[in-house]
Amino acid sequence: MGRLRRNLLVISLITGVLSVPEGAAQAAARQSDDQDAISAINSVVVGGKAAINTRTGQGRELGPLRTVRSLVDAATDDVLGTGTLRLDASTEGPADLRSCIKNGDNRKLQTFDHFDRYASTRRGSIHFQYHPYRITAAREVEGAPTTQWEVCSVGGGQLADHRLRRVGTGIALADSENFRRIGYSWRTGSTPENYTLGLGFQVKKGPVGISASLTQKPADKLLGSHRGPWNTFMDTYDRNAVNAWWQDNCIGRWYRCWPKSGSHDFQGAIAHGLWEFPAGTEPSDVAFYFVLYAGV
């Protein structure tokens with residue numbers, strides 16, 4: 001949240017989703033059933049807007065989570081119609097993730113309660129956490145002190161016989177007009193069994209880094225971008241967004257995906273974003289969009 005307008009996810013500020021006649025979506029699904037190669041992938045996006053009050057330190061959701069199911073073209077990611085993958089969304093998840101960890105000390109650092117995005121079905125679940133941090137008077141820009149925010153996200157999913165073909169996380173500062181993002185981090189390349197990813201505040205003294213670790217079964221690759229793998233509302237906020245995801249190698253290949261492509265093991269990703277407010281520009285409530293997405 002000429003620029004490409006994308007309509008996969010609708011959250012608060014978005015007014016519509018690309019619509020295709022129901023018959024077209026059903027025809028695409030039937031085509032997938034009739035062919036060996038899969039031409040369409042079911043995707044689900046769960047997200048919402050959250051805010052942290054800089055005076056009280058309290059965080060809150062600014063509305064209910066929205067879940068959008070779509071059928072997307074396996075080669076182009078174009079939305080074909082409404083998907084059938086059903087997941088129950090929640091802002092509370094099980095305490096089975098490794099939290100993002102603070103390394104170093106700075107008396108100006110504030111640590112806030114984390115936010116959860118959790119989606120479950122009888123066949124498995126997806127869970128990402130989002131950990132916000134803030135440092136005041138981080139450094140001086142044009143002779144005035146700045147305030148910096150870092151959000152660390154870690155998580156993943158496992159869907160048993162619904163083999164995962166993509167699973168990922170997205171973070172966006174709710175500011176589509178100004179460039180606030182000054183740093184980001186994600187992992188790319190072959191999926192490792194264990195990896196740690198970190199990012200540090202840009203400060204004049206007392207450096208502080210935030211890191212997160214993830215353990216999963218190696219399978220295919222990790223990717224990241226200021227835009228997510230599908231057309232989502234966060235493309236409106238791409239100058240202030242960071243996304244990371246695991247992806248099966250069949251996606252985007254000329255031969256597309258086969259029915260047994262993908263992983264039924266746990267797969268996940270880590271993303272870090274760093275944003276900065278020049279003096280006098282930080283709002284009393286700093287708002288972010290937190291999104292998880294998956295495709296089968």
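The values are calculated or read from the model by the stated rules, or taken from the named source; none is laboratory data. Note that this is a predicted model, so its numbers are computed, not measured. When we count neighbours, we look across all protein chains shown, and the Cβ atoms used for this are built from the backbone with ideal geometry, even at glycine. Note: accessible area is taken over every heavy atom of the protein model, side chains too, but ligands, DNA and RNA are not part of it. Shrake-Rupley method; radii C 1.70, N 1.55, O 1.52, S 1.80 Å.
Quick look at the values:
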item	result
Residue check, Trp258 buried (at least 21 other Cβ atoms within 10 Å of the Cβ), farther than 17 Å from Phe115 by Cα and hydrophobic (A, V, I, L, M, F, W, C)	no
Single unsatisfied condition, Gly183 versus (1) out of contact with any Lys or Arg (no Cβ under 7 Å at 6 or more places or on another chain); (2) more than 30 Å from Leu80 (Cβ to Cβ); (3) crowded, with 19+ Cβ neighbours inside 10 Å	(3)
Per-region count, the range 271-296, residues open to solvent by less than 10 Å² (accessible area, probe 1.4 Å) and among the aliphatic types (A, V, I, L, M)	6
All positions within the range 113-123 that are out of contact with any Phe, Trp or Tyr (no Cβ under 7 Å at 6 or more places or on another chain) and open to solvent by less than 60 Å² (accessible area, probe 1.4 Å)	Asp116, Tyr118, Ala119, Ser120, Thr121
Residues that are part of a strand (DSSP E or B) and of a type in the set (Asp, Glu), drawn from the range 118-146	Glu140
Strands (runs of 3 or more DSSP E) lying entirely in the range 188-228 (those with 3 or more residues that are open to solvent by 30 Å² or more (accessible area, probe 1.4 Å) and modelled with pLDDT under 90)	none
Qualifying residue in the range 244-266 (condition: modelled with pLDDT of 90 or more, touching a Leu at 6+ places or on another chain (Cβ under 7 Å) and more than 24 Å from Arg123 (Cβ to Cβ))	no
Pick from the range 68-89, criterion hydroxyl-bearing (Ser, Thr, Tyr) and open to solvent by 50 Å² or more (accessible area, probe 1.4 Å), ranking: modelled with the lowest pLDDT	Thr76
Evaluation of Gly156 against (1) assigned to a strand (DSSP E or B); (2) at pLDDT below 90 (one fails), failing number	(2)
Filter result for Gly155 (closer than 26 Å to Gln58 by Cα and open to solvent by less than 30 Å² (accessible area, probe 1.4 Å))	yes
Complete set of residues in the range 163-180 that are outside any strand (DSSP E or B), open to solvent by less than 60 Å² (accessible area, probe 1.4 Å) and over 28 Å from Pro145 (Cα atoms)	Arg165
Phe179 out of contact with any helix residue (DSSP H, G or I) (no Cβ under 8 Å at 6 or more places or on another chain) and among the aromatic types (Phe, Trp, Tyr)	no
Some residue of the range 101-117 being part of a strand (DSSP E or B), modelled with pLDDT of 90 or more and among the acidic types (Asp, Glu)	yes
Residue check, Ser99 surrounded by fewer than 20 Cβ atoms within 10 Å (Cβ to Cβ) and under 20 Å from His272 (Cα atoms)	yes
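For every residue, the table says whether it meets (1) hydrophobic (A, V, I, L, M, F, W, C); (2) in contact with a Ser or Thr (Cβ under 8 Å, 6 or more places away or on another chain).
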{"site": "Gln148", "(1), (2)": "no, no"}
{"site": "Val151", "(1), (2)": "yes, no"}
{"site": "Ile171", "(1), (2)": "yes, yes"}
{"site": "Ser176", "(1), (2)": "no, yes"}
{"site": "Gly183", "(1), (2)": "no, no"}
